[in-house]
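For reference, the structure is listed below as C-alpha cells.
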C-alpha cells in the first residue's frame, strides 16, 4: 500500500495537532486585516534568520518567523502568519477567506515583495484550500516548477557538480541537429537554439491572465532566470534570439 495523507479522522487523534491548534487560538487575534497600513511599516532591520521547521508553541514560532522578515514590510509577515494558522488547522475557512482577500487586494505588492519561498507557500495554500479548480491546478503547477528546480539544484549540490565544465564534443553534437535521447521518448534540450522554453513561456504568459496562481507561476518562472539555476545557466548559453524565453 502506497503512502498517503492521513484522513481527517486520523488527524483528529494527533495530540501534537491539538496542541498546535490550541496554541494557534491564543495568538489568532494578532492578525491585522488593515492591509494598506501595514505595507509601509518595516520590521526592525536586523539580520535575516530563516526558520527551519516549526515550534509547537506558536508564540515561539511567530517570534522566530518575524526574524525572517527583518527589513521587510509588515504585510509580508502578516501573510506568513495567516498561512501558519491555517497549517495548524485553526479556523481554516476563516483564515483562508482573509488570505484570499489579501491576495486579491494586494496581488502586485505580494508578487513584488514576497520571496520565492513564500510565493510557493501561497500557491500551496491555494491548492489546499481553494474550491476553484483552475486556481488549484495552476497553483500545483507553481509548486511542480519550483520543486523540480529545487531537487535538480540539490542533486547538483550533493554531487559537487557546480564547477564542472561543459563537454565541448557534446555541444557540437547538439549543434549538428542530432537527436540525443534522455528517457521515455524525451530528448536532450538543444542548448543555444531550442525553442522549448520559449514556447513554455508563451503558455505561462497566457496562464498568467487566468487568475492569481497564473501570475505567481509567471513570477516564479521569471525569478528562475535571475538566480543561479539551470534556467539561468541555459539562458546565458542561448544564442538564437528568436527562440529565447527572455
### Task
Taking residue 170 as meeting all but one of (1) free of Cβ contacts under 8 Å to residues at least 24 places away in the same chain; (2) more than 28 Å from residue 85 (Cα to Cα); (3) within 25 Å of the chain's Cα centre (by Cα), write down the number of the exception.
(3)
### Residues that are surrounded by 11 or more Cβ atoms within 10 Å (Cβ to Cβ) and over 28 Å from the mean Cα position of the chain (by Cα), drawn from the stretch 173-199
173, 174, 175, 178, 180, 193
### Query
Can you tell me which of 152, 215 is surrounded by fewer than 14 Cβ atoms within 10 Å (Cβ to Cβ), touching a helix residue (DSSP H, G or I) at 6+ places or on another chain (Cβ under 9 Å) and in contact (Cβ under 8 Å) with a residue 12 or more places away in the chain?
152
### Task
Please list, ordered by first then second residue, the pairs with beta carbon atoms under 9 Å, 6 or more apart or interchain, first in the stretch 119-139 and under 22 Å from residue 109 (Cβ atoms), second surrounded by fewer than 16 Cβ atoms within 10 Å (Cβ to Cβ) and at pLDDT below 95.
129/93
### Task
Give the number of residues within the stretch 43-67 that are modelled with pLDDT under 90 and part of a loop (DSSP other than H, G, I, E, B).
14
### Query
Residues of the stretch 81-108 being out of contact with any helix residue (DSSP H, G or I) (no Cβ under 7 Å at 6 or more places or on another chain) and surrounded by 17 or more Cβ atoms within 10 Å (Cβ to Cβ), which ones?
87, 100
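The values are calculated or read from the model by the stated rules, or taken from the named source; none is laboratory data. Bear in mind the structure is a predicted one, so any value in this text is a computation, not a measurement. Heads up, the Cβs are rebuilt from the backbone with ideal geometry, glycines too, and the neighbour counts pull from every protein chain shown.
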